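Novice: Starting off with a structure, shown below.
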Amino acid sequence: MQMPAEAHEWVSFTDEVGDDWMFDLTFMTSAWTCIFGDGCVGVLTGPTPELAQGCCSYGAHLTGDDDRARVETAAARLDAGNWQFIGESVRRGGPFKRNGAESVTRLVGDACIFLNRPGFPGGPGCALHRGAIEHGERPLDWKPDVCWQLPLRLVDSVDENDHTTHTLREWTRRDWGDGGAEFHWWCTDGPEAFIGHQPVYVELRDEIVEMVGIGLYRRLVDHIEIARSSVPLPHPALKKRA
């Protein structure tokens, strides 16, 4: 029987409290890698590689008070040498604004206030990411949750018996809501970003551990590298190369 073009392979584990965890093996074993500044055409309605905005065009929605406090602490460690719009942040009363019950990063012109633009000394990219590297720290400890987690998405669901299932999978276009349908391009949709030199579960080890814990990560690795006997199912995006 021919496998459907959009098919993904999954594996599940049960943790010590009885919750189920499902992992998208097709994505975890794929060669996806971030191609910001190296072929990424952005998430606007047309290709804009010259803007070097990646997925930063619309700012970041903070997941809660802890997320905001962590980013505020990180932003206080930035200076004019690694943050192009530090002056704009001061002038506007900080890098965040309220959107209903949510905090979101402000926009400067057409993108996130933390995004350094082409022409900035040191090149374009996230000021928080750059600041973390300059301080010898992990970018995921400085950036908003949504920013360091992409392209991973952890979804928790509770059934009618109060049983919880946690699903770690790729961040799809639909996860952006209605606006995602307007993107000219999304990095897990097409083959352009599947050019990494190591699989996602290795490339994004720190991010996965942060999201699921070291114990479940090790079980995932053991399954992929030791227990698994089948040939990896190619990611559907790779089939679009033809």
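Novice: Would you confirm whether any residue within region 201-210 is in contact with a strand residue (DSSP E or B) (Cβ under 7 Å, 6 or more places away or on another chain), among the acidic types (Asp, Glu), surrounded by fewer than 13 Cβ atoms within 10 Å (Cβ to Cβ) and in the same structural domain as GLU9 (by TED's automatic domain parsing)?
Specialist: No: region 201-210 contains no residue that is in contact with a strand residue (DSSP E or B) (Cβ under 7 Å, 6 or more places away or on another chain), among the acidic types (Asp, Glu), surrounded by fewer than 13 Cβ atoms within 10 Å (Cβ to Cβ) and in the same structural domain as GLU9 (by TED's automatic domain parsing).
Novice: In this structure, is GLU210 assigned to a loop (DSSP other than H, G, I, E, B), modelled with pLDDT of 95 or more and either touching a Cys at 6+ places or on another chain (Cβ under 8 Å) or not hydroxyl-bearing (Ser, Thr, Tyr) (or both)?
Specialist: Criteria not met by GLU210.
For every residue, the table says whether it meets (1) crowded, with 20+ Cβ neighbours inside 10 Å; (2) in the same structural domain as PHE194 (by TED's automatic domain parsing); (3) touching a Phe, Trp or Tyr at 6+ places or on another chain (Cβ under 7 Å).
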site: GLY109; (1), (2), (3): no, no, no
site: CYS112; (1), (2), (3): yes, no, no
site: LEU115; (1), (2), (3): yes, no, no
site: PRO121; (1), (2), (3): no, no, no
site: CYS126; (1), (2), (3): yes, no, yes
site: LEU154; (1), (2), (3): no, yes, no
site: THR164; (1), (2), (3): no, yes, no
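Novice: Being closer than 22 Å to PRO139 by Cα and part of a loop (DSSP other than H, G, I, E, B) is the filter here; which residues of region 150-171 pass it?
Specialist: Hits for region 150-171 are LEU150, PRO151, TRP171.
Novice: Given VAL104, VAL146, VAL155, which one is within 30 Å of HIS166 (Cβ to Cβ), free of Cβ contacts under 8 Å to residues at least 40 places away in the same chain and not small (Gly, Ala, Ser)?
Specialist: VAL155
Novice: Take the residues in region 1-47 that are polar (S, T, N, Q) and touching a residue at least 12 places away in the same chain (Cβ under 8 Å), then tell me which one is farthest from ILE195 (Cα to Cα).
Specialist: The extreme case among them is THR45.
Novice: On to the next question. Identify, from the list GLY136, GLY94, the residue that is assigned to a loop (DSSP other than H, G, I, E, B), within 21 Å of the chain's Cα centre (by Cα) and over 20 Å from PRO49 (Cβ atoms).
Specialist: Step by step, each of GLY136, GLY94 is checked, and only GLY136 is assigned to a loop (DSSP other than H, G, I, E, B), within 21 Å of the chain's Cα centre (by Cα) and over 20 Å from PRO49 (Cβ atoms).
Novice: For region 59-90, what are the residues that are of a type in the set (Val, Ile, Thr) and surrounded by 21 or more Cβ atoms within 10 Å (Cβ to Cβ)? If you could, list the steps in order and put the result at the bottom.
Specialist: Taking region 59-90 as the starting set, the residues that turn out to be of a type in the set (Val, Ile, Thr) are 63, 71, 73, 86, 90.
Matches in region 59-90: VAL71 only.
Yes/no per residue for (1) over 20 Å from ARG153 (Cα atoms); (2) outside the structural domain of HIS163 (by TED's automatic domain parsing); (3) assigned to a loop (DSSP other than H, G, I, E, B):
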position	(1), (2), (3)
ILE35	no, no, yes
ASP38	yes, no, yes
GLU72	yes, yes, no
ASP79	yes, yes, yes
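The values are calculated or read from the model by the stated rules, or taken from the named source; none is laboratory data. Remember, predicted model here, so these are calculated numbers, not experimental data. With ideal geometry, Cβ positions are generated from the backbone for all residues, glycine too; neighbour counts draw on all protein chains shown.
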